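Some notes on the structure that comes next.
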Amino acid sequence: MARRKPHEEHGNHEAWAIPYADLMTLLLAFFVVMYAISSVNEGKYRVMADALTTAFGGAPRTVSQVQVGNQQLQGGGFDSPAVIRAPSMTGGATADPTQLPSMASQMRMPVSMRNTEQLQRAERQLARIATRLTEALAPLVKRGVITVRRTELWIEVEINSDILFGTGSAALGADARQTLSKLAEVLADTPNGVRVEGHTDDLPIATALFPSNWELSAARAASVVHLFADHGIQPQRLAMVGYGQFRPRESNALAEGRNRNRRVMVIILADSAATADALADGAISASNQTPAPQGLPESSGASAHARPASAGGAGGAIPAVIEGVH
């Protein structure tokens, strides 16, 4: 019987296609995942960022809130839904009027994304307040002891400390109270947040009451804040900051520079609430609805020292911060 010849196996020269197809599938899945991660839902991102910022005590970074889904978010500011605000440590969920308004974030946005109507409303209100302040403090402005500056988001009233306090003292004299009372009368019928900043020169002080210039500057700012509160300004709108000698206007090498550095700054922040429009109808007369005078200096941007103060507690307590080198 003839022997059977073994069948020859032919080699498969296309076996490489199987691992190649697996590799292509894995690469496709990888790039699909990468694309999904890179596509961020702007609305959900802004809502989440605002919620986290509010929960940790900061001011919201957006003004026109974004609606996500078919249901509105909790609360409501203006005509658009607002973010869900986490309750604060004091049990409330109200915004701190002494912080720099959330409109500041819009200044870094493209023009097409800004809420121009709200920004223009705030600028008109600040212009009216600046006009009233300039008229009320005109004699001292002419003498050069008070300077009024207006930016897009706040007004700065710089007062030389020499007309308010004695050397090494935080007690207000009779003339100082009269001057600050005029300022308080203008601010009493406005909803804006007010920050009072104390500054000193670099001459050292070491007393039992004021161990350093930090305590002296904070005490001077507190004296002004208490006077404002006594004249009807709501304590929830007030905040105080003591910067010591670490925010000088000029060099402390000369006496003139030290005199300029001893000052109290009253910062009137722009009001981002809907009550800004009500001022034109009631609190401010029609005669004062003129733009700021030509001589009133304006700054081109946000200054470095107008930094939000810490939020105050419940019960009308006045928030205070003592800041050093930054």
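Numerical summary
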{"quantity": "Matching entry among 189, 201 (being among the acidic types (Asp, Glu) and surrounded by 17 or more Cβ atoms within 10 Å (Cβ to Cβ))", "calculated": "201"}
{"quantity": "Flag if residue 42 is at pLDDT 55 or above and under 22 Å from residue 119 (Cβ atoms)", "calculated": "yes"}
{"quantity": "Qualifying residue in the range 158-165 (condition: open to solvent by 10 Å² or more (accessible area, probe 1.4 Å) and without any contact (Cβ under 8 Å) to a residue 40 or more places away in the chain)", "calculated": "yes"}
{"quantity": "When residues of the range 215-237 are limited to those that are more than 21 Å from the chain's Cα centre (by Cα) and among the small types (Gly, Ala, Ser), the one nearest to residue 186 (Cα to Cα)", "calculated": "232"}
{"quantity": "Tally of residues being in contact with a Ser or Thr (Cβ under 9 Å, 6 or more places away or on another chain), not aliphatic (A, V, I, L, M) and not in a loop (DSSP other than H, G, I, E, B) across the range 161-177", "calculated": "1"}
{"quantity": "Any hit, the range 219-240, residues being of a type in the set (D, E, K, R) and surrounded by fewer than 16 Cβ atoms within 10 Å (Cβ to Cβ)", "calculated": "yes"}
{"quantity": "Qualifying positions in the range 122-160 - more than 18 Å from residue 197 (Cβ to Cβ) and in a loop (DSSP other than H, G, I, E, B)", "calculated": "144, 152"}
{"quantity": "Residue 200 vs. criteria under 25 Å from the mean Cα position of the chain (by Cα), more than 24 Å from residue 125 (Cβ to Cβ) and among the β-branched types (Val, Ile, Thr)", "calculated": "yes"}
{"quantity": "First in the range 126-146 and within 19 Å of residue 191 (Cβ to Cβ), second anywhere and open to solvent by 50 Å² or more (accessible area, probe 1.4 Å) and at pLDDT 90 or above, Cβ under 8 Å, 6 or more apart", "calculated": "136/182; 136/185"}
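Here is a yes/no grid of residues against (1) among the aromatic types (Phe, Trp, Tyr); (2) under 16 Å from the mean Cα position of the chain (by Cα); (3) surrounded by fewer than 16 Cβ atoms within 10 Å (Cβ to Cβ); (4) at pLDDT 90 or above:
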site: 100; (1), (2), (3), (4): no, yes, no, no
site: 112; (1), (2), (3), (4): no, no, yes, no
site: 123; (1), (2), (3), (4): no, yes, no, no
site: 126; (1), (2), (3), (4): no, yes, no, yes
site: 152; (1), (2), (3), (4): no, yes, no, no
site: 174; (1), (2), (3), (4): no, no, yes, yes
site: 184; (1), (2), (3), (4): no, no, no, yes
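The values are calculated or read from the model by the stated rules, or taken from the named source; none is laboratory data. Only a predicted model underlies this, so the values are computations on that prediction, with no experimental measurement involved. Glycine also receives a Cβ, built like all others from the backbone with ideal geometry; neighbour counts cover every protein chain displayed. Protein only, heavy atoms only, side chains kept; ligands, DNA and RNA dropped before computing areas. Shrake-Rupley method; radii C 1.70, N 1.55, O 1.52, S 1.80 Å.
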